[in-house]
Amino acid sequence: MLLKLNKRMAVVALLLVVSLLSGCFGPKTFDITVQIDPEVAGVEIREGSQTGTLLAETNESGMAELKKLKEGTIIVPVKDGYSFDPAEAKVTSSGAYNFMAIPDQETDKKIAAVQSFDD
């Protein structure tokens, strides 16, 4: 009877160790914040390329929050009339990922026209 109990406990312990280790060696995921500077709403955050899966879109503060991204995911900001620096970023940890929005010449003229109209 005692031998049966010890075998069962050994099997249970082994299963517990295996299940714990499988969680430790699985893909890491991170919660991140994307910040666009200057603040630009409607910037699409895509996976892998400019045409990749849409992950999020920035709000009026130029910010987007993304949850449970796998380590190594490439994030790419996309918005017509803008380029971004850097053009992409690799997710390696939780935290903020910052991109500078650079308006193309046509967009820059429109921004200047709106700003002079507001003055």
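How many residues are of a type in the set (Val, Ile, Thr) and without any contact (Cβ under 8 Å) to a residue 12 or more places away in the chain if we restrict to the stretch 46-86?
Residues of the stretch 46-86 of a type in the set (Val, Ile, Thr): 51, 53, 58, 73-76, 78.
Keeping just the survivors that are without any contact (Cβ under 8 Å) to a residue 12 or more places away in the chain gives 51, 53.
Count: 2.
Could you tell me whether any residue of the stretch 43-51 is farther than 14 Å from residue 80 by Cα, within 9 Å of the chain's Cα centre (by Cα), surrounded by 13 or more Cβ atoms within 10 Å (Cβ to Cβ) and not aliphatic (A, V, I, L, M)?
yes
In the stretch 101-119, which residue that is surrounded by 14 or more Cβ atoms within 10 Å (Cβ to Cβ) and modelled with pLDDT of 85 or more is nearest to the chain's Cα centre (by Cα)?
Keep residues of the stretch 101-119 that are surrounded by 14 or more Cβ atoms within 10 Å (Cβ to Cβ), which gives 101, 103, 107.
Next, only the ones that are modelled with pLDDT of 85 or more stay: 101, 103.
Values: 101: 17, 103: 23 Å.
Top of the filtered list is 101.
The values are calculated or read from the model by the stated rules, or taken from the named source; none is laboratory data. Fair warning: this is a prediction, and the values are worked out from it, not measured in the lab. So basically every Cβ, Gly included, is an ideal-geometry build from the backbone, and we count neighbours across all protein chains shown.
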